[in-house]
Ligand SMILES: Cc1ncc(COP(=O)(O)O)c(C=O)c1O
């Protein structure tokens, strides 16, 4: 290994080797069945590989537009509309990303600023907290209640305050497999109503649901209007390696891995500009603070001051 003259200080020194790396290596070393990491031990449909091969031979292997191939985004929009009844705008609300981890990081980087708080549910998928802390945010934890790993909404309510910028919802949940119910979605809508909180939905396991029904945030118009929803081609078609960094879809001539619905491509722009804020309206700010029981603040001292921009759009 080359020795480098450059001192490399980790931004997140407490983040060690991921649990997936540790457990997968242990499983390989011991010849054990690997239940720790979310990949299957069977092949994907061969027609998928044929289609990818054909697309590459047809020359569809150069840069895709930043947001993903238009035909692919159209396909995603149609699929989400058919499944969840929510019609997203193909050009501004759907983005194809290189993996859900990139989608998660991009969404957090776009919305969370230094000092902002993000509520996460424990046990928590391992990439959320490093992403939050990398951008200067603070993770605030609410434990899913044993034995069914259901959210404790009274506790979540007690955590919401003027600094809360985002709540991350992972349903179906990794690792507990629990699902948010219709009632959970209603409570979440109630708790975030009239606030400036963004909901980030990690729904990569939406199609791996053996009991009950997956409640996508996209099904709930009030929540969808403040949510970014992450889905996964890799998980759905069990091709977590082959496609992990690709953007080509065999059907549309490009093969996507994961996609993000909500503000889609807008989030890239907003990451470098002013964020939308319904809380720019002082009456809304005051109402939001009253709802979460926070002390009143003058408009100039509000952390939200200066965030005035376009209002949050509904999807
Ligand atoms: C809940 C959850 N979100 C996101 C991801 C990341 O997906 P990707 O490998 O596409 O980055 C995983 C992968 O295991 C996951 O379990």
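The values are calculated or read from the model by the stated rules, or taken from the named source; none is laboratory data. This is a predicted model, so every value here is computed, not measured. FYI the Cβ positions are ideal-geometry reconstructions off the backbone, even for glycines, and counts take in every protein chain you see.
Which numbered condition in (1) away from the ligand (no atom under 16 Å from the Cβ); (2) part of a helix (DSSP H, G or I); (3) in contact with a strand residue (DSSP E or B) (Cβ under 9 Å, 6 or more places away or on another chain) is the only one that residue 235 fails?
Status for residue 235: all satisfied but (1).
Mind listing whichever residues of region 111-126 are over 18 Å from residue 142 (Cβ atoms) and surrounded by fewer than 21 Cβ atoms within 10 Å (Cβ to Cβ)? If you could, list the steps in order and put the result at the bottom.
From region 111-126, those over 18 Å from residue 142 (Cβ atoms) are 111, 113-115; that's our starting set.
Scanning region 111-126 gives 113, 114, 115.
Evaluate region 81-104: report whether one residue or more is in contact with a helix residue (DSSP H, G or I) (Cβ under 7 Å, 6 or more places away or on another chain) and under 19 Å from residue 15 (Cα atoms).
Yes: one or more hits.
Select from region 1-42 the residues that are in contact (Cβ under 8 Å) with a residue 24 or more places away in the chain and assigned to a loop (DSSP other than H, G, I, E, B) and write down the one among them that is surrounded by the most Cβ atoms within 10 Å (Cβ to Cβ). Before the answer, list the steps.
Filtering region 1-42 down to residues in contact (Cβ under 8 Å) with a residue 24 or more places away in the chain leaves 11-12, 15, 18-20, 38-40, 42.
Then keep just the ones that are assigned to a loop (DSSP other than H, G, I, E, B); that gives 11-12, 15, 18, 38-40, 42.
Details: 11: 8, 12: 11, 15: 14, 18: 13, 38: 17, 39: 13, 40: 11, 42: 5.
Taking the candidates together, the pick is 38.
Condition check ((1) part of a loop (DSSP other than H, G, I, E, B); (2) under 20 Å from residue 118 (Cβ atoms); (3) modelled with pLDDT under 90) across all residues:
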| position | (1), (2), (3) |
| --- | --- |
| 173 | yes, yes, no |
| 180 | yes, yes, no |
| 188 | no, yes, no |
| 210 | yes, no, yes |
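Name the single residue that is nearest to residue 105 (Cα to Cα) among those in region 190-216 being within 11 Å of the ligand (Cβ to nearest atom) and surrounded by fewer than 22 Cβ atoms within 10 Å (Cβ to Cβ).
205
Kindly indicate whether residue 156 is in contact (Cβ under 8 Å) with a residue 24 or more places away in the chain, outside any loop (DSSP other than H, G, I, E, B), away from the ligand (no atom under 16 Å from the Cβ) and within 26 Å of residue 11 (Cα to Cα). I'd like the intermediate steps shown before the answer.
Values: in contact (Cβ under 8 Å) with a residue 24 or more places away in the chain: yes; outside any loop (DSSP other than H, G, I, E, B): yes; away from the ligand (no atom under 16 Å from the Cβ): yes; within 26 Å of residue 11 (Cα to Cα): no.
Here the answer is no, as residue 156 does not meet what is asked.
For region 125-149, how many residues are more than 16 Å from the ligand (Cβ to nearest atom) and modelled with pLDDT under 95?
The qualifying residues number 3.
What's the number of the only condition in (1) crowded, with 21+ Cβ neighbours inside 10 Å; (2) within 16 Å of the ligand (Cβ to nearest atom) that residue 88 fails to meet?
Tallying (1) crowded, with 21+ Cβ neighbours inside 10 Å; (2) within 16 Å of the ligand (Cβ to nearest atom), residue 88 fails exactly one: (2).
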